[in-house]
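K.L.:
Below you'll find the structure I mean.
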Amino acid sequence: MENQDPLTLRFDPQTVDHLGARMYSHLPNAIAELVANAYDADAANVNISLGDDGSIRVEDDGHGMTRAEVADRYLHIGRNRRVADSTNLTESGKRHVSGKKGLGKLALFGIGRSVDVTTSRVGSTVATRIHLNYGDMMSAEGDYRPAETVVSVDQTQHGTAVRLSDLKRTTPVDAAELAASLSKLFNYADNGFSIRVTPTLGNSIPVTRTLRLANTAAEFSWPLPESLTAADTLLVAQDVQGLIISAPKPLRHGQRGVTLYANGRLVNEPEFFGSSESSYAYSYLTGWIDVDYLDDLAADVIATDRRALDWDADYTAVLRQALEKLLTRIGQEWRVRRSELKRQRRDNVLGTNTDQWVRSIKSEEGDLLRDLVDSIASDDLDISPDQQGQLLEQVKKVVPPNAEYVWRHLHPEIQDAAESYYLAADYYQAIQEAIKRYVTLSRSLAGITETDAMPIVTKAFGDNGKIQVFARFMNSGQFTEASAFNVENGQKHMSMGVVAGFRNLLAHEEIAELHRLGAFTYQDCLDGLSVISHLTRRLTDASFTPEDVVVAAQSS
């Protein structure tokens, strides 16, 4: 038969005040201690119900406690169960113990003044119920005997229920907010453990890993360990798990940072571990990392309220350095990814690849355009990609692709022949293709059977040529025959000069040497294309018809 001596809680009254009322002033952190107890009791389900009288009841279906265990364990302040039980595993052997210091029970007095605990073991027909009152405990002289009763229960029932009443807060508890807060305090990976918050009215709310990020849209993500590299030596060796995401918009201050968990429980509130928190990227980053190995260290590096690690210890100092390096790299990757995504969205609105557009302008105006595009696309200018695209559309109207003045006004035939090579910076081929197009047009319009460029242009043009490019202006009576003679012969000699000065040069000299010595640049190409464009415009505007060409060819 169990010892029936009165149940006694032995303590210094200041212990309750310092480790309970003062340390646990936040409701979720205090409730988290009861959830952790349920986890360590191998519970499958925990329900946190909110009463219409302002009370909170936390009930689990764990293995529960006998009256003797209530005396030896629950009412033993500061009992380190891992040392006392010589194991880091729960009673089933299936879970790592998450509780450690034996002080969590005092957390309840940080939020309420009255605590009722009812607990029973499976197979027992009775449950032990005790009532603890904060005021009575503080007036006790070190030994406090809580009110105790025995309650009959079904022997198939088991677990522990804790009811908190006479809460210090005066505002009602919001079930959704409590569930969201608890989701940030736990990271239990055990699929056999369910936590729910049940409001006075309405459906219960499951507390899950994803709930903590439920209101955070993920633009990019870095799952761990998949995103680790060979440089993350410590994190790889300790097999850390986790997920870091970036939001499309800056997060509120309380949502930023990476939270650390050990065996499912929070051990460090969100932060960036020494990385430059002024970095623009950190306004967008949040996530969590499991560092379970910290729970197995001989040294206790986890604060009593589990909100921060002791970063001065050797073990945690190297962890902090590793996390700082990881988050610095992720911040840099975020900038690259976000810049590319914004560019894609911007280009979709613009209808043009921005980089190709800027690169199409080879003159110094291209550098000015790059500066303007970079300014509009900068994070310093807080506008959406759609707005960026709209602004750049207006710039594009002023500075279109290939915006050099010469290119924009080249004859369409010459643009068509040279464009693909010019954009690819193959200026040598661009000028040759333009000359080919001009010679082909000349040969066709003149009806010449020659195939070599020089004979074609010498027969097609000149005062006795088959094509008279200035004849259409002579009917005005404003120009002299001498002027017509000069223009016609000028067309001939300029055409011969283009063939000799460009085509023959490029055909007989090494392109690599011309390029190396700067003997033929993009500017030379534009200048040459401009001359050929002028000759082509004279040619296509000449005053004759194809029938005239045929007649001329037959009479020659």
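Each reported figure results from applying straightforward, stated rules to the coordinates on display, with no laboratory input. Worth saying up front: this structure is predicted, and the values here are computed from it rather than measured. Because the Cβ atoms are built from the backbone with ideal geometry, glycine has one as well, and the counts that use them run over all protein chains shown.
K.L.:
Using only alpha carbons, build the gyration tensor for region 407-555 and give me the equivalent ellipsoid semi-axes, biggest first, whole Å.
P.N.:
Its equivalent ellipsoid spans semi-axes of 29, 16, 14 Å.
K.L.:
To continue, here is another question. What is the spin-label model distance, in nm, from residue 154 to residue 191 if the labels are put 7 Å beyond Cα along the C-beta direction?
P.N.:
2.8 nm
K.L.:
Which loop trypsin sites (Lys or Arg not before Pro) in region 214-293, with loop taken from DSSP, have no more than 14 other Cβ atoms within 10 angstrom of their Cβ?
P.N.:
252
K.L.:
Which of the GluC sites (Glu not before Pro) found in region 203-310 are loop residues per DSSP with 10 or fewer other Cβ atoms within 10 Å of their Cβ? Don't skip to the end; give the middle numbers.
P.N.:
Working: sites: 219, 226, 271, 277; in loops: 219, 226, 277.
Sparse-neighbourhood loop GluC sites (Glu not before Pro): 226.
K.L.:
Out of (i) -0.24, -1.03; (ii) -0.19, -0.82; (iii) -0.45, -0.90, which label holds the value of log10 I(q)/I(0) by the Debye sum over Cα atoms at q = 0.05, 0.10 Å⁻¹ that was computed here?
P.N.:
This structure yields the entry labelled (iii).
K.L.:
Would you mind checking the pairs 184/325; 249/342; 362/492; 94/184; 436/492 and listing those with alpha carbons more than 20 angstrom apart?
P.N.:
184/325; 362/492; 94/184
K.L.:
In the chain, which whole DSSP H runs stretch at least 24 Å along their own axis (Cα) and average -0.5 or higher on the Kyte-Doolittle scale?
P.N.:
427-446, 481-498, 522-540
K.L.:
Please enumerate, by chain and number, the aspartates and glutamates with C-alpha under 12 Å from the C-alpha of residue 466, excluding those fewer than 8 residues away in the same chain.
P.N.:
Here the aspartates and glutamates satisfying the reach criterion relative to residue 466 are 488, 548.
K.L.:
Next up: Suppose the chain between residue 139 and residue 210 were pulled fully straight at 0.36 nm per residue; how much longer would it get relative to their current alpha carbon spacing?
P.N.:
That works out to 21.1 nm of additional length.
K.L.:
Please sort 367-377, 41-51, 165-175 by packing, taking for each peptide the average over its residues of neighbouring beta carbons within 10 angstrom, highest first.
P.N.:
The most tightly packed comes first, giving 41-51, 367-377, 165-175.
K.L.:
For every other residue with a beta carbon closer than 13 angstrom to the beta carbon of residue 199, add +1 if it is Lys or Arg and -1 if Asp or Glu, then tell me the sum.
P.N.:
Result for the local shell: -1.
K.L.:
Also: Work out the charge dipole of the chain with +1 on the Cβ of Lys and Arg and -1 on the Cβ of Asp and Glu about the Cα centre, then indicate which of 117, 430, 257 is farthest towards its positive end.
P.N.:
117
K.L.:
Placing +1 on the Cβ of each Lys and Arg and -1 on the Cβ of each Asp and Glu in the chain, which of 171, 201, 353 has its Cα farthest towards the positive end of the resulting dipole?
P.N.:
The residue sitting most towards the positive pole is 201.
K.L.:
Within 10 Å of each candidate Cβ there may be at most 16 other Cβ atoms; applying that plus a DSSP loop requirement, which trypsin sites (Lys or Arg not before Pro) in region 286-340 survive?
P.N.:
Passing sites in region 286-340 are 307.
K.L.:
Defining a contact as two alpha carbons under 8 Å apart and six or more residues distant in sequence, what relative contact order in percent does region 351-403 show?
P.N.:
Values: 23 pairs, mean separation 25.4, N = 53.
Once divided by the residue count of region 351-403, the mean separation gives 48 percent.
K.L.:
Between residue 478 and residue 342, what is the label-to-label distance in nm when each label sits 7 Å out along the Cα-to-Cβ direction?
P.N.:
The modelled label-to-label distance comes out at 5.5 nm.
K.L.:
Still on this structure: Any idea what the dipole of the chain comes to, in debye rounded to 20, about its Cα centre with Lys/Arg Cβ at +1 and Asp/Glu Cβ at -1?
P.N.:
Value, rounded to 20: 620 debye.
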